[in-house]
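Student: Quick one: this structure, given as structure tokens, is what I'll be asking you about.
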Amino acid sequence: MAGLPMLVGVDFGLTPAAIIGQYQEDRLVIFEELVEINMGSDRFSEKLAAHIKMKYRAHSNLKDNWLCFIDPAGLQRVQTDESTCALSLGRVGFTVSPGPVLFEERRLAVVHFLREMTS
């Protein structure tokens, strides 16, 4: 829907994945999922940004039109170059919002979201 922010949730690892969606009228609508095999965070971030700019042209400004959520593990620095997965997304234009770190906080956040959607 026009005027609503687009959402992208990203999980890294060597099988990185992203879901693209939008929260419309109290419903989370998922448009698509992108998954790659044996791809690092830099290449995946670049591919995700290029895909979004091509497919979602009306929302091509990644900083202003998108809310980007990541697993908090994406804030961990790697030993080889001190970078993080969150920095990879930032370099291509996203503003990144990690979720809660502690398991119970994460569980409660999901429970809260699901209850809000069903009430």
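Student: Under 9 Å between Cβ atoms, at least 6 apart or on separate chains: pull out the pairs that start in the range 27-52 with a residue that is more than 17 Å from VAL92 (Cα to Cα) and end on any residue that is aromatic (Phe, Trp, Tyr).
Tutor: From residues that are more than 17 Å from VAL92 (Cα to Cα), the pairs are LEU28/PHE113; VAL29/TYR23; PHE31/TYR56; GLU36/PHE44.
Student: Take the residues in the range 74-106 that are in contact with a Pro (Cβ under 9 Å, 6 or more places away or on another chain) and assigned to a helix (DSSP H, G or I); name whichever of them is modelled with the lowest pLDDT.
Tutor: ARG106
Student: Related question: Run down GLU46, GLU33 and say which single residue is within 24 Å of HIS112 (Cβ to Cβ) and of a type in the set (D, E, K, R).
Tutor: Residue meeting the stated conditions: GLU33.
Student: Name the pairs whose Cβ atoms lie under 7 Å apart, with the first residue in the range 85-101 and farther than 17 Å from PHE113 by Cα, the second at pLDDT 95 or above and open to solvent by 30 Å² or more (accessible area, probe 1.4 Å), and 6 or more positions between them or separate chains?
Tutor: VAL92/GLU46
Student: Hey, another quick one. Considering only the range 68-100, state which residues are open to solvent by 90 Å² or more (accessible area, probe 1.4 Å) and under 15 Å from ASP11 (Cβ atoms).
Tutor: Within the range 68-100, PHE69, GLN76 meet the criteria.
Student: Test ALA17 against the criterion of being over 24 Å from PHE113 (Cβ atoms), under 14 Å from the mean Cα position of the chain (by Cα) and surrounded by 14 or more Cβ atoms within 10 Å (Cβ to Cβ), and give yes or no. Give the derivation first.
Tutor: Values: over 24 Å from PHE113 (Cβ atoms): no; under 14 Å from the mean Cα position of the chain (by Cα): yes; surrounded by 14 or more Cβ atoms within 10 Å (Cβ to Cβ): yes.
Considered against the rule, which asks whether it is over 24 Å from PHE113 (Cβ atoms), under 14 Å from the mean Cα position of the chain (by Cα) and surrounded by 14 or more Cβ atoms within 10 Å (Cβ to Cβ), ALA17 comes out as no.
Student: For the range 11-62, which residues satisfy the criterion of being under 29 Å from GLU82 (Cα atoms) and touching a strand residue (DSSP E or B) at 6+ places or on another chain (Cβ under 6 Å)?
Tutor: ASP11, ALA17, ALA18, ILE19, ILE20, GLU33, LEU34, VAL35, LEU48 - these are the residues of the range 11-62 that are under 29 Å from GLU82 (Cα atoms) and touching a strand residue (DSSP E or B) at 6+ places or on another chain (Cβ under 6 Å).
Student: Here's something else I'd like to know. With respect to LEU28, is the statement that it is out of contact with any Lys or Arg (no Cβ under 6 Å at 6 or more places or on another chain), closer than 23 Å to ALA109 by Cβ, at pLDDT below 95 and part of a loop (DSSP other than H, G, I, E, B) true?
Tutor: no
Student: Is it the case, given these coordinates, that VAL8 is within 25 Å of HIS112 (Cβ to Cβ) and touching a strand residue (DSSP E or B) at 6+ places or on another chain (Cβ under 7 Å)?
Tutor: Yes.
Student: Could you please find all residues in the range 50-67 being open to solvent by 50 Å² or more (accessible area, probe 1.4 Å), in a helix (DSSP H, G or I) and under 16 Å from PRO5 (Cα atoms)?
Tutor: Once the filter is applied, which keeps residues that are open to solvent by 50 Å² or more (accessible area, probe 1.4 Å), in a helix (DSSP H, G or I) and under 16 Å from PRO5 (Cα atoms), the range 50-67 yields LYS53, LYS55, ARG57, ALA58, LYS63, ASP64.
Student: May I pose another question? (1) touching a strand residue (DSSP E or B) at 6+ places or on another chain (Cβ under 7 Å); (2) of a type in the set (A, V, I, L, M, F, W, C); (3) assigned to a helix (DSSP H, G or I): which one isn't true of VAL110, the others all being true?
Tutor: (1) is the only condition that VAL110 fails.
Student: So, one more: Restricting the search to the range 20-49, which residues are over 16 Å from ILE70 (Cα atoms), open to solvent by less than 70 Å² (accessible area, probe 1.4 Å) and in contact with a Ser or Thr (Cβ under 6 Å, 6 or more places away or on another chain)?
Tutor: Those that are over 16 Å from ILE70 (Cα atoms), open to solvent by less than 70 Å² (accessible area, probe 1.4 Å) and in contact with a Ser or Thr (Cβ under 6 Å, 6 or more places away or on another chain): none in the range 20-49.
The values are calculated or read from the model by the stated rules, or taken from the named source; none is laboratory data. Everything quoted here is computed from the prediction, not taken from an experiment. Reconstructed Cβ throughout: ideal geometry from the backbone, glycine too, with neighbour counts over all protein chains shown. Accessible surface is based on the protein model in full, side chains and every heavy atom, while ligands, DNA and RNA are left aside. Shrake-Rupley method; radii C 1.70, N 1.55, O 1.52, S 1.80 Å.
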